[in-house]
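Asks: Once you've had a glance at the structure underneath, I'll fire off some questions.
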Amino acid sequence: MKFNTNLRKVLLILFATIALSACSTAKKSGDLDGDVYTGRDTVEFLAKGVPDRVFFATNKSSLTTKSRETLRKQATFLRKNKSLNITIEGHADERGTREFNLALGERRANAAKDYLMTYGISGKRISVISYGKERPVNTESSPLAWSQNRRSVTVKVN
């Protein structure tokens, strides 16, 4: 009797392991990095080799390693173009209330602004605006679309 109980436990564990591994999906390169979009199909450029946007995780305004790399390129470009002023637009995905997403978009834009300022870009050259969820780059309702919409975009003013 005890043998049957142990055998059942082993079979149950084996079955659960197989079922869970069948549910996992392989991550495609360039799609989602954790919860942050890292592809290039929605990115435009301030200048050659200088991406205009950075992406954020769900409900986060902290910068990723990839975001900091992009902002360092922007800072280098802005140091070479001292007369150029910019606006950093903060965006969120469609989930959450309008008020929450406006505040989140502002935190994201300010995170980008603060990082640029640590690289010597004057805060007087940078304005911030939040669009929350009002200006999605991808209007679908999917994890990929949401990750593309969680962003800040640096726009040249003059």
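The values are calculated or read from the model by the stated rules, or taken from the named source; none is laboratory data. Keep in mind the model is a prediction, meaning the values are calculated, not measured. Using ideal geometry, Cβ is built from the backbone for each residue, glycine included, and neighbour counts are taken over all protein chains shown.
Asks: State all residues of the range 78-97 that are among the acidic types (Asp, Glu) and under 15 Å from Ser61 (Cα atoms); if no residue qualifies, say none.
Replies: Glu89, Asp93
Asks: For Ala92, indicate whether it is of a type in the set (Gly, Ala, Ser), more than 18 Å from Arg125 (Cβ to Cβ) and at pLDDT 95 or above.
Replies: Yes; evaluated as a whole, the condition is true for this residue.
Asks: Only residues that are more than 15 Å from Val54 (Cα to Cα) and among the hydroxyl-bearing types (Ser, Thr, Tyr): list them for the range 140-156, please.
Replies: Result: Ser141, Ser142.
Asks: Only helices (runs of 4 or more DSSP H) wholly contained in the range 64-158 count here; list those with 3 or more residues that are exposed (fewer than 15 other Cβ atoms within 10 Å of the Cβ) and out of contact with any Ser or Thr (no Cβ under 8 Å at 6 or more places or on another chain).
Replies: Correct list: 65-80, 98-118.
Asks: Suppose we filter Val137, Val153, Val54, Val157 for residues that are touching a residue at least 12 places away in the same chain (Cβ under 8 Å) and over 17 Å from the mean Cα position of the chain (by Cα); which single one remains?
Replies: Result of the check over Val137, Val153, Val54, Val157: Val157.
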